[in-house]
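Read the structure below first, then the notes.
The values are calculated or read from the model by the stated rules, or taken from the named source; none is laboratory data. Worth saying up front: this structure is predicted, and the values here are computed from it rather than measured. With ideal geometry, Cβ positions are generated from the backbone for all residues, glycine too; neighbour counts draw on all protein chains shown. Surface accessibility is based on the protein's heavy atoms, side chains included, excluding ligands, DNA and RNA. Shrake-Rupley method; radii C 1.70, N 1.55, O 1.52, S 1.80 Å.
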Amino acid sequence: MRNANPWKAAVAAGVLLLAVACGSSGGTDGGGAAEQKNVGKGEGRVDIIAWAGYAEDGSNDPKADWVHPFEKQTGCKVNTKTAGTSDEMVSLMKTGQYDTVSASGDATLRLIAAGDVAPVNTRLVPNYRDIFSGLKMRPFNSKDGKMYGIPHGRGANLLMYRTDKVSPAPDSWKAVFDGAAKYAGKVTAYDSPIYIADAALYLMKTRPALGIKDPYALDRTQLDAAVALLKRQRQQIGEYWSDYQKEVTAFKGGDSVVGTTWQVIANTAAAEEAPVKAVLPKEGATGWSDTWMVSAKAAHPNCAYKWLNWIVSPKVNAQVAEYFGEAPANAKACKETADPRHCAVYHADDEAYYRRVHFWTTPVPQCLDGRKNVKCTDYAEWTRAWTEIKG
């Protein structure tokens, strides 16, 4: 496992889901853009919006360069705009100046609802056939039986703890919620409105009477219950984290002893000799998966499709997954990783593991759990609630 790269703090901050962007409280009607019918000669360039680490050209690390080989093979020059937040990605895509974006689950439904992205013709992306089935036709990357992007990778939000301070070893989110007082001042949590889903997931398992079926589909009563739980937790929080390296430092120094994390952070902390372990609790966990989507106004659609096929090809997908710290989306990528244990560490081919992971999905008024007789709370309401929780 590689140690933290300079861009990784930016990744942690970038994935942070901040204030809601325009269109977030809308439905999921989508636009009228049609999927592409064929891929012709490239237009000579492709304009990309990506998370740091997804479109590396060797400038950050000479060994990490999958942009120049793509340019050489296709003749499509890559112009990358690195985005810091999902809201920035949504805003940039609205300009119509970009061809494709590596959107996280909190942004995908917003882009679909606004008609900013088009359905993706997966037949034009040969490497799509080797994408893990658990990433295809998911609520955060499809609508009405159509894929709106090509899955890139995935990961779970885990429970990390210091083995010398937390005993017995926790196997439940109770350690950071109902049992958090035991570690008062040394509990940490992810600093984002989407963290409300973590509380909702815990309540879904521990308070079934609330009727929560999907942690991203909360009516007013259910949201209020999650907010109340998080307000109680707030009294025990030492620090909310959004910076990758700061969480590593906090666990190494003992300022944090238990809280939510990513596998790559746990690996880095352990490599730096912090006595930590990370587990997927018995209630399951939230998680994230990114999707390459194509703009409904793409000026370079052929190069965009060539990029989609390239970035999820086995060798390149393996390179990105190792550099970024995630499970690859392409099943064949597991034979291409430099570290033969990478896919095992990130549970890449363990669908039973990922069936316990509820991937980030934008909360919208139309309840994602299928309820028709109630209005669910949207991301704007979650953002207001998060401000109240922290305040």
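Out of the residues in region 71-80 that are outside any helix (DSSP H, G or I) and either closer than 19 Å to Q36 by Cα or charged (D, E, K, R) (or both), which is least open to solvent (accessible area, probe 1.4 Å)? Break it down stepwise before answering.
The first filter runs over region 71-80 and keeps only residues outside any helix (DSSP H, G or I), leaving 75-80.
Those left that are additionally either closer than 19 Å to Q36 by Cα or charged (D, E, K, R) (or both): 76-77.
Numbers: C76: 1, K77: 114 Å².
Checking each candidate, the answer is C76.
Take the conditions farther than 22 Å from K136 by Cβ, open to solvent by less than 60 Å² (accessible area, probe 1.4 Å) and either in contact with a His (Cβ under 9 Å, 6 or more places away or on another chain) or not β-branched (V, I, T) (or both) and apply them to D378. Does it pass? Even if it seems obvious, please write down each step before you answer.
Working: farther than 22 Å from K136 by Cβ: yes; open to solvent by less than 60 Å² (accessible area, probe 1.4 Å): yes; either in contact with a His (Cβ under 9 Å, 6 or more places away or on another chain) or not β-branched (V, I, T) (or both): yes.
Answer is yes for this residue.
Taking the condition at negative phi, open to solvent by 10 Å² or more (accessible area, probe 1.4 Å) and at pLDDT below 95, does T383 pass? Give the derivation first.
Numbers: at negative phi: yes; open to solvent by 10 Å² or more (accessible area, probe 1.4 Å): yes; at pLDDT below 95: yes.
Judged against the criteria, T383 is a match.
Can you spot a residue in region 190-197 that is open to solvent by 10 Å² or more (accessible area, probe 1.4 Å), free of Cβ contacts under 8 Å to residues at least 40 places away in the same chain and within 21 Å of A278 (Cβ to Cβ)?
no
Out of all the residues in region 58-67, which are in contact with a strand residue (DSSP E or B) (Cβ under 6 Å, 6 or more places away or on another chain) and either surrounded by fewer than 16 Cβ atoms within 10 Å (Cβ to Cβ) or farther than 20 Å from K315 by Cα (or both)? Don't jump to the end; show me each part of the working.
First, the residues of region 58-67 that are in contact with a strand residue (DSSP E or B) (Cβ under 6 Å, 6 or more places away or on another chain): 58, 65, 67.
The answer is G58, D65.
Can you work out which of the residues in region 282-312 that are of a type in the set (K, R) and farther than 28 Å from Y190 by Cα is least open to solvent (accessible area, probe 1.4 Å)?
At the first step, the residues of region 282-312 found to be of a type in the set (K, R) are 282, 297, 306.
Still in the running and farther than 28 Å from Y190 by Cα: 297, 306.
Working: K297: 131, K306: 63 Å².
Checking each candidate, the answer is K306.
Which residues, taken from region 255-273, are open to solvent by less than 10 Å² (accessible area, probe 1.4 Å) and assigned to a loop (DSSP other than H, G, I, E, B)?
S256, V257
If I ask for residues that are polar (S, T, N, Q) and either open to solvent by less than 30 Å² (accessible area, probe 1.4 Å) or modelled with pLDDT under 95 (or both), which ones from region 134-166 would you list? Before the answer, list the steps.
The first filter runs over region 134-166 and keeps only residues polar (S, T, N, Q), leaving 141-142, 157, 163.
Passing the criteria: N141, S142, N157.
Scanning for something among the hydroxyl-bearing types (S, T, Y), touching a residue at least 12 places away in the same chain (Cβ under 8 Å) and in contact with a strand residue (DSSP E or B) (Cβ under 7 Å, 6 or more places away or on another chain), does region 263-275 turn up at least one residue?
Checked against the condition, which is being among the hydroxyl-bearing types (S, T, Y), touching a residue at least 12 places away in the same chain (Cβ under 8 Å) and in contact with a strand residue (DSSP E or B) (Cβ under 7 Å, 6 or more places away or on another chain), region 263-275 yields no hits at all.
Mind checking which residues of region 219-258 are of a type in the set (A, V, I, L, M) and touching a helix residue (DSSP H, G or I) at 6+ places or on another chain (Cβ under 6 Å)? Step through it out loud before you land on a result.
Let us first name the residues in region 219-258 that are of a type in the set (A, V, I, L, M), namely 223, 225-230, 237, 248, 250, 257-258.
Within region 219-258, A225, A226, V227, L229, L230, V248, V257, V258 qualify.
Working carefully through the options V248, V227, find the one that is open to solvent by 10 Å² or more (accessible area, probe 1.4 Å), part of a helix (DSSP H, G or I) and β-branched (V, I, T). Step through it out loud before you land on a result.
Numbers: V248 fails: open to solvent by 10 Å² or more (accessible area, probe 1.4 Å).
On inspection, the qualifying residue turns out to be V227.
For residues that are open to solvent by 10 Å² or more (accessible area, probe 1.4 Å), assigned to a helix (DSSP H, G or I) and charged (D, E, K, R), tally how many sit in region 81-123.
4
Pull out all pairs, ordered by first then second residue, where Cβ-Cβ is under 9 Å, the residues are six or more apart or on different chains, the first lies in region 325-345 and is at negative phi and part of a loop (DSSP other than H, G, I, E, B), and the second is modelled with pLDDT of 95 or more and open to solvent by 70 Å² or more (accessible area, probe 1.4 Å).
The qualifying pairs are E336/K315.
Would you call T377 more than 19 Å from the chain's Cα centre (by Cα) and under 25 Å from P62 (Cα atoms)?
On the way: more than 19 Å from the chain's Cα centre (by Cα): yes; under 25 Å from P62 (Cα atoms): no.
Answer is no for this residue.
Scan region 28-47 and give yes if some residue there is open to solvent by less than 20 Å² (accessible area, probe 1.4 Å), within 22 Å of C303 (Cβ to Cβ) and modelled with pLDDT of 50 or more, otherwise no.
Yes, that holds for at least one residue.
Residues are listed down the side, and each one gets a yes or a no for (1) charged (D, E, K, R); (2) assigned to a loop (DSSP other than H, G, I, E, B); (3) more than 30 Å from Q366 (Cβ to Cβ):
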position: P151; (1), (2), (3): no, no, no
position: R154; (1), (2), (3): yes, no, no
position: L159; (1), (2), (3): no, no, yes
position: D164; (1), (2), (3): yes, yes, yes
position: S167; (1), (2), (3): no, yes, yes
position: D171; (1), (2), (3): yes, yes, yes
position: D178; (1), (2), (3): yes, yes, yes
position: A189; (1), (2), (3): no, no, no
